[in-house]
Amino acid sequence: MATKPSGFTGFAGFAGFTSEKSIDREYGLANRSPTGFTWFTSEKSKDTETSFPSRATVAGYAGITLEGEDMKLDVDRGALSRVIAVINGKGGVFKTSLVANVGGLLAEGGSRVLLVDLDPQGNLAEDLGYADQGDGGRSLAASLCFGGEPDLLLSVRPNLDVIAGGPQLDDAAAFLGAKAQKDRDAAQLALAKLLARVAGEYDLVLLDCPPGNEPLQAAAVAAARYALVPLKTDMSSRKGVAAVAARMDSVVGLNPALDLLGVVLVGTGTNSKQVHKVTRDHLTADFGTDEVLFPMSIRHAEATAQACRERGLLAHELERELSKGPKWWEVLRGEAKAGNAGPKSASSVAEDLHAVAMEVTRRIAVAESQEVNA
């Protein structure tokens, strides 16, 4: 029997990610293979690079190998070793925007990325601007219920493909809920089996999970190698983290390699240091360590969020578009006409998301390195 990495075992047993003094805190993992991509850099961070190894780089890493009695699960966990469920039990905590922007940044950096919209609201289509191409989740719902591969929306951005969600997923959730009454394992593994057929073609797969939808959330964490939890500083959002932990515990028998990639604070003020400290203290009390919390946060900027969805642009794309507009002195001199001014916070939000995406790649690289060397 192959050695299984320690999975998520609830708050008390959380293994987490320990700080490694040898890891370059600027995220330059010098010991990684040069086949990884060179990171997209914004105008304000041109010196920042990190390598995110391709699947070929970690060919020896296959998550866990199931043998004997465990083979009844019939899931290729190696193919799912780069699947991240972005999840919280509460809505309105930036899950969809995090999936879209992190995925878009990684794709722009050269990685092959697949985004899976598991939310019946289908808001990922607005963030990425493909609303007129989606099928309302019909293909994904049919695949979850009856097997087969779902339709892919190819090249929504270069290197970025999407499996569309939408209201049809409500039917899939009802189907999986009923199926779980007879065969819980089969219902929870429906997404894992579906993704195992396609995930190996991508360097990373991000799942946009719906809040409060038990069948689809359970299917997501049963398919994922990691969970990433966006968190606001309010009490109800923190309760959502507890709900995620319970959901992860419920599938650990089917997915023993499942672990928490981390928690990222969202929708918060950059100067709210005391609020951040209180939240960190709560997480430390719950998890036994503050290492679960990403060292950066995503600030509250409603104007940028609204502008991004209205235009179907990601934050760094909006920043780039706004930078091409006429400068105020050019308008004042009559050298250019004033255009539609965008939100001033776009640049800052793009910077926040860039830092979060870098931390995601760093944590995955560290985890895979530990697996290979174990």
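Quick notes on this structure:
- Where ILE87 falls short, out of the listed (1) within 30 Å of LYS179 (Cβ to Cβ); (2) free of Cβ contacts under 8 Å to residues at least 60 places away in the same chain; (3) β-branched (Val, Ile, Thr): (2)
- Yes/no for PRO326 being open to solvent by less than 70 Å² (accessible area, probe 1.4 Å), over 14 Å from ASN101 (Cβ atoms), modelled with pLDDT of 80 or more and over 21 Å from the mean Cα position of the chain (by Cα): no
- Any hit, the range 195-206, residues being out of contact with any strand residue (DSSP E or B) (no Cβ under 9 Å at 6 or more places or on another chain) and either closer than 19 Å to ALA245 by Cα or not in a helix (DSSP H, G or I) (or both): yes
- The helices (runs of 4 or more DSSP H) falling completely within the range 216-317 include none with 3 or more residues that are without any contact (Cβ under 8 Å) to a residue 24 or more places away in the chain and among the β-branched types (Val, Ile, Thr).
- Where a residue in the range 110-137 is of a type in the set (Phe, Trp, Tyr) and its partner, wherever it lies, is open to solvent by less than 40 Å² (accessible area, probe 1.4 Å), with Cβ under 8 Å and at least six apart: TYR130/LEU153; TYR130/VAL156; TYR130/VAL162; TYR130/ALA164; TYR130/GLY312
- Of the candidates LEU216, LEU283, LEU318, LEU261, the single residue that is modelled with pLDDT under 90 and open to solvent by less than 30 Å² (accessible area, probe 1.4 Å) is LEU283.
- ALA174 vs. criteria crowded, with 21+ Cβ neighbours inside 10 Å, of a type outside the set (Val, Ile, Thr) and part of a helix (DSSP H, G or I): no
- For the criterion of being within 17 Å of the chain's Cα centre (by Cα) and within 25 Å of LEU265 (Cβ to Cβ), VAL162 fails.
The values are calculated or read from the model by the stated rules, or taken from the named source; none is laboratory data. Here the structure is a predicted model, which is why all the values come from computation and not from measurement. So basically every Cβ, Gly included, is an ideal-geometry build from the backbone, and we count neighbours across all protein chains shown. All accessible areas refer to the heavy atoms of the entire protein, side chains included, with ligands and DNA or RNA removed. Shrake-Rupley method; radii C 1.70, N 1.55, O 1.52, S 1.80 Å.
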